[in-house]
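Trainee: Dropping the structure in here first, questions after.
The values are calculated or read from the model by the stated rules, or taken from the named source; none is laboratory data. What you see is a predicted model; the values in this text were computed from it and never measured. With ideal geometry, Cβ positions are generated from the backbone for all residues, glycine too; neighbour counts draw on all protein chains shown.
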């Protein structure tokens, strides 16, 4: 029989095998913080969706939902959540709007190069909507920077763990969701145009549209992703520390999402009740697919696609961020029942598509508590 390896040999073998393994800074961190490494046997997990270590059988992911489990990482004192939320909103909405306010103050003496601005409404008007469109989106860039900075400073959280349960952000998921949304939106638009409906009016300002398109392709993903990171990432995980019911945290975060949209001009132009219900349903749908899929990638893709569609294809007369969309809707009244039925049907169809694409049914069968 071959001689048994000595303890010294075992230690040397362990060191060599784990030489290139990235150990967590704090061994007290949960295994979810380094979900690509088994903290029991130090084996490198080959799959980012593996539930158990192939070597020792240690559970790598929670059987409930590791995306929500990520909320336990970092500092989670109750006052930190409140301080972060207040500081983030102030920096995002107040400090973030300073470039727009400053530009409006430059124009307060009169019209400059054909542009003027009202300090009451903070909307720059002139030959092109591009300056106003750009400055309003700078707000979200400042907000995104503050979100990342204060998340690290106050919570000591990894941004990735707030966004997804995967070991890296899955951009392919976002692109797939964006593509599917545009496909579903183009079909009814084509039907409306073929019926010669008077609901849509062609703007025809192609030059300004092209300029805004360039700006939108850069800044709209930042804007939409920031909102998803806050509502479907930060707040979902935060309320999961208080409540065990996923239905309840979906209702709470969706209600906050809907109420904050009351600051926009759209609800006061198209009906507060219908608008609030529509935004609430959007929030519920986004939150649902985030919980099932384990990340905000799909929700971010849909949010980006929706905002690009409104800014570039079919816009509203009274919009919080005016743009030069190709078409503008002339329908000023939104009927509640048809709007709800249409929204629910679209969300159900999208859910089915995502479920088959990412095998949600097998995931729910394996983890019925999701």
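Trainee: Quick one: how many residues across the range 307-354 are touching a helix residue (DSSP H, G or I) at 6+ places or on another chain (Cβ under 8 Å), assigned to a loop (DSSP other than H, G, I, E, B) and modelled with pLDDT under 85?
Mentor: 9
Trainee: Among the residues of the range 271-288, is any in a helix (DSSP H, G or I), out of contact with any helix residue (DSSP H, G or I) (no Cβ under 7 Å at 6 or more places or on another chain) and more than 20 Å from residue 227 (Cβ to Cβ)?
Mentor: yes
Trainee: What do you reckon, is residue 128 touching a residue at least 60 places away in the same chain (Cβ under 8 Å) and more than 23 Å from residue 91 (Cβ to Cβ)?
Mentor: Criteria met by residue 128.
Trainee: Something else: Restricting to the range 271-301, and then to whatever is crowded, with 20+ Cβ neighbours inside 10 Å and over 28 Å from residue 172 (Cβ atoms), can you tell me which residue is modelled with the highest pLDDT?
Mentor: Per the stated criteria, the residue is 278.
Trainee: Which one is modelled with the lowest pLDDT among residues in the range 194-212 that are under 26 Å from residue 135 (Cα atoms) and either in contact with a helix residue (DSSP H, G or I) (Cβ under 8 Å, 6 or more places away or on another chain) or assigned to a helix (DSSP H, G or I) (or both)?
Mentor: 203
Trainee: Look through the range 171-193, keep the residues that are in contact with a strand residue (DSSP E or B) (Cβ under 9 Å, 6 or more places away or on another chain) and surrounded by fewer than 20 Cβ atoms within 10 Å (Cβ to Cβ), and return whichever of them is modelled with the highest pLDDT.
Mentor: That would be 185.
Trainee: Might you check whether a residue that is surrounded by fewer than 19 Cβ atoms within 10 Å (Cβ to Cβ), at pLDDT below 90, closer than 23 Å to residue 328 by Cβ and assigned by TED's automatic domain parsing to the domain that holds residue 324 occurs anywhere in the range 245-261?
Mentor: Within the range 245-261 (the criterion being surrounded by fewer than 19 Cβ atoms within 10 Å (Cβ to Cβ), at pLDDT below 90, closer than 23 Å to residue 328 by Cβ and assigned by TED's automatic domain parsing to the domain that holds residue 324), the answer is yes, since at least one residue qualifies.
Trainee: Additional query: Kindly indicate which of 167, 222, 215 is more than 13 Å from the chain's Cα centre (by Cα), over 20 Å from residue 346 (Cβ atoms), surrounded by 12 or more Cβ atoms within 10 Å (Cβ to Cβ) and modelled with pLDDT of 95 or more.
Mentor: Step by step, each of 167, 222, 215 is checked, and only 215 is more than 13 Å from the chain's Cα centre (by Cα), over 20 Å from residue 346 (Cβ atoms), surrounded by 12 or more Cβ atoms within 10 Å (Cβ to Cβ) and modelled with pLDDT of 95 or more.
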